[in-house]
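Step one of this worksheet: look at the structure below.
Just so you know, all these numbers are worked out from the coordinates, no wet-lab data involved. In this text, all values refer to a predicted model and were calculated from it rather than measured experimentally. All Cβ positions, even for glycine, are placed from backbone atoms using ideal geometry, and neighbour counts span all protein chains on display.
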Amino acid sequence: MRYSHNFPKTLKQAPKAAESVNHKLLVQAGFIDQLMSGSWTLLPLGFRVVTKINDIIREELDKTGAQEMLMPLLHPKEIWKETGRWDKARDIMYQLKKDDKEYGLSFTHEEIVMYLITKLYVSPKEFPIKIYHFSTKFRYEPRAKSGILRAREFLMKDLYSAHLTKDDMYKYYWEVAESYFKIFKRIGFDVKIVEAGGGVFTENITHEFQVLSDQGEDTIFYCDNCDFAQNKEIFKGKKGEICPKCRKGKMVEAKAIEVGNIFPLGTMYAEKMGGYYNDQSGQRKPVWLASYGIGPTRVLGTLVELFHDQKGIIWPKAVAPYLVHLISLGTDEQAEKVYRELQESGMEVLYDDRDVSAGEKFADADLIGIPYRLVVSQRSGGKIEFKERTASNSELLTLQELLKKIK
């Protein structure tokens, strides 16, 4: 991609109203734009990052046998009344009226999934059902802040699984938990799985996937010796106390950003919406449901909160919008040749072909944060100056040496 054609370019300064790092850097570097409080446009660079996040999620979920689909965002009031959540979720759900009919904008899809299961009845032999989609969600935030981390409209991957028994539900529940660890590791996160309450989703204990960050809005307590962790709302102890699980480690208090969650919902949705099946003895039993969420746009913001310096963003390779940032300094013919050869090798390249100063090109490269910077100039003597985003020094390489080094 030629940066001269990229929409838009970087800004000279970060937006004045920005409080969080991800707000400042993602807007200034041209990844996102704010339409209004809590509402963001994913610009082309931002969309590329989110697409890569989604691809990683998709690959790992597909390994569990889950199938991708897409469900509507506008829901009739009646379907939410069946579970009682039309009233219970009124504070966070956008509800509207048109032609004497009432609708809600989806903040989740449990009701729709259970509606599909009851409508498109399948035999017990076809369980478990594992379906997911990537869709926009709407949740009212009284004070939308922290950039794209806490929005009123955002992208969510939600997976739903339906089972004949509690044991089977939990078997898949923990299988998805392992998939989440793999997903977040590939993205570049070191996550902790934290026990939490279920909110408007369930009365059961649920689990959040939290990334430690001083900028996090959540407070968690975790053991420094084992995997025990709980969020502030359900933790009964104090920091420094002995871990209630292993009885060896001490509890640590920390700020964190939630990047995913899993909910063992049980049979409530089936019982209220008629999601029953007949077992082998002919007994009528409710279906067990669980749901699993990851917010790709929230992950986008979390990446920037964790990976940046005073110059700009530092993208992990797996989710960077491009792998290399090619800069031409007065040697356009040679740079064009390198650009073509890099593309032919299958490498993703952002090529800064603009007629601007070297200083502006270098500053923009650091701000955008692509893993490798390549410079073609008269000084390089037919070679390419190679520098990693976080490195202090560069080196001169031939194209073949460069390709070998990166791959």
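A few remarks follow.
- Separation in nanometres of the label points that stand 7 Å from Cα toward Cβ, at Arg143 and Gln343: 4.9
- Global geometry of segment 177-326, whether rounded, prolate or oblate, following the gyration tensor of its Cα atoms and the 1.5 cut on a/c: oblate
- As a rough footprinting exposure proxy, the listed residues Lys238, Lys272 were ranked by other beta carbons within 10 Å of their own, and the order from fewest upward is Lys238, Lys272.
- Segment 94-119-segment 241-258 distance, computed between alpha-carbon centres (Å): 40
- Extension gain from Thr136 to Lys383, taking 0.36 nm per residue of separation minus the Cα-Cα distance: 84.3 nm
- Within the chain, helix-based [θ] at 222 nm, where runs of 4 or more DSSP H residues each add -39,500 (n - 2.57), nearest 500: -8500 deg cm²/dmol
- Mean-position separation - Cα centroids, segment 138-196 and segment 35-90, in angstrom: 11
- Distance from segment 381-407 to segment 343-361 (C-alpha centre basis), Å: 14
- Cα-based Kirkwood hydrodynamic radius, segment 88-216, one decimal, Å: 17.3
- 16 Å tail of the calculated P(r), segment 63-141, as % of Cα pairs: 56
- Taking Ser281, Ser291, Ser161 as the candidate residues, the one with maximal mean-square fluctuation in a Gaussian network model of the chain, Cα springs under 10 Å, is Ser281.
- Here the calculated FRET efficiency for Leu396 and Arg58, from their Cβ-Cβ distance with R0 = 60 Å, stands at 0.95, rounded to the nearest 0.05.
- For the cross-link pairs Lys16/Lys232; Lys52/Lys232; Lys98/Lys285; Lys88/Lys232; Lys145/Lys311, the ones whose C-alpha atoms lie over 27 Å apart are Lys16/Lys232; Lys52/Lys232; Lys98/Lys285.
- Here, segment 322-406 yields an orientationally averaged convex hull projection of 4.9 nm² when only Cα atoms define the hull.
- Computed Rg/Rh of the chain, alpha carbon atoms with Kirkwood Rh: 1.03
- Share of pairwise Cα separations in segment 21-180, more than 20 Å, in percent: 61
- Selection of trypsin sites (Lys or Arg not before Pro), segment 20-112, meeting DSSP coil and at most 15 other Cβ within 10 Å: Lys63, Arg90
- From least to most packed, judged by other beta carbons within 10 angstrom and beginning with the fewest, Glu385, Glu271 follow the order Glu271, Glu385.
- Relative to the globular-protein estimate of 2.2 N^0.38 Å, the Cα radius of gyration of segment 182-237 stands at 1.18.
- A full extension of the chain between Lys248 and Lys285 corresponds to an added length of 9.0 nm, given 0.36 nm per residue minus the alpha carbon distance.
- Pairs beyond 32 Å (Cα-Cα), from Lys63/Lys236; Lys245/Lys317; Lys77/Lys166: Lys63/Lys236; Lys245/Lys317
- Ranked packing of 186-194, 259-267, most packed first, by mean Cβ within 10 Å: 259-267, 186-194
- Across segment 283-353, Cα-Cα pairs farther apart than 14 Å form 73% of the total.
- Between Asp99 and Glu19, the contour length at 0.36 nm per residue exceeds the Cα-Cα span by 24.7 nm.
- Cα point-scatterer Debye curve for segment 280-324, base-10 log of I(q)/I(0) at q = 0.27 Å⁻¹: -1.04
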